[in-house]
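The values are calculated or read from the model by the stated rules, or taken from the named source; none is laboratory data. These numbers were taken from a predicted model, which means no experiment stands behind them. Every residue, glycine among them, receives a Cβ derived from its backbone with ideal geometry; neighbour counts consider all protein chains shown.
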Amino acid sequence: MKPILYFVRHGETDWNAEGRLQGQRDIPLNDLGRVQAGEVAGVLVKLGAAVTDLAYWASPLSRARETMELMRQGLDLAPSGYRTDDRLKEIAFGAWEGLTWAEVERADPPLAAARVADKWHVRPPRGENYEDVATRLATFLRLIERDTVVVAHGGIGRVLMALIGGLGTAEAAETYVRQGVAYLFQGGRFRVVEP
């Protein structure tokens, strides 16, 4: 039987609140994001996870690391007791990072329209598409040998939905990934668990 994967999107940042594409820019959590990170610990407890037996991985970007550390504090675990992996970084939005979607549409209407029509395959200038992320994430997933918590980004959550959650790529690319909850991936499906 394949291990359970508990996925947590990092807590809110100011750029999330402003609707800016963060990509791989290292934007810190805001106050609400820190609250959300602490609340996620309660989700793992609610699920009955044996928190001391889990493996813990995070994106190396500070918003994911801080979420992981606050969550682990809430579980009475050493904040630093996790590993990071570059393959868990957010999808790279390249030239679009820091822009709102309205700004992207004004700057490059044809490419913006193409991406709206096919988010899985269309790349921003100097960026990645979800297919690129799926390639790097699939190699990470082969490392998972026991039940694991991953704290990363919305793009990573969408790709997980396609790779191990039973969604088609087009549907996964359009799915909103929430903050302050956990996604439980098990048996080729996923569900959202709230605090």
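Per this entry, residue 97 is not counted among residues that are modelled with pLDDT under 95 and either in contact with a strand residue (DSSP E or B) (Cβ under 6 Å, 6 or more places away or on another chain) or buried (at least 16 other Cβ atoms within 10 Å of the Cβ) (or both).
Among the residues of segment 100-125, those identified as under 12 Å from residue 21 (Cβ atoms), crowded, with 17+ Cβ neighbours inside 10 Å and not small (Gly, Ala, Ser) are 104, 115, 124. For segment 160-172, the criterion of being surrounded by fewer than 18 Cβ atoms within 10 Å (Cβ to Cβ) and under 26 Å from residue 32 (Cβ atoms) is met by no residue. Within segment 2-23, residues that are touching a residue at least 12 places away in the same chain (Cβ under 8 Å) and surrounded by fewer than 19 Cβ atoms within 10 Å (Cβ to Cβ) reach partners that are assigned to a strand (DSSP E or B) and of a type in the set (Val, Ile, Thr) with beta carbons closer than 8 Å, at six or more positions or on different chains, in the pairs 3/148; 4/148; 18/100; 19/100.
When residue 48 is tested against (1) surrounded by fewer than 15 Cβ atoms within 10 Å (Cβ to Cβ); (2) under 18 Å from residue 19 (Cα atoms), exactly one condition is not met: (2).
Only one of 90, 128 is surrounded by 19 or more Cβ atoms within 10 Å (Cβ to Cβ), under 24 Å from residue 37 (Cβ atoms) and either of a type in the set (D, E, K, R) or in contact with a Pro (Cβ under 9 Å, 6 or more places away or on another chain) (or both); which?
90
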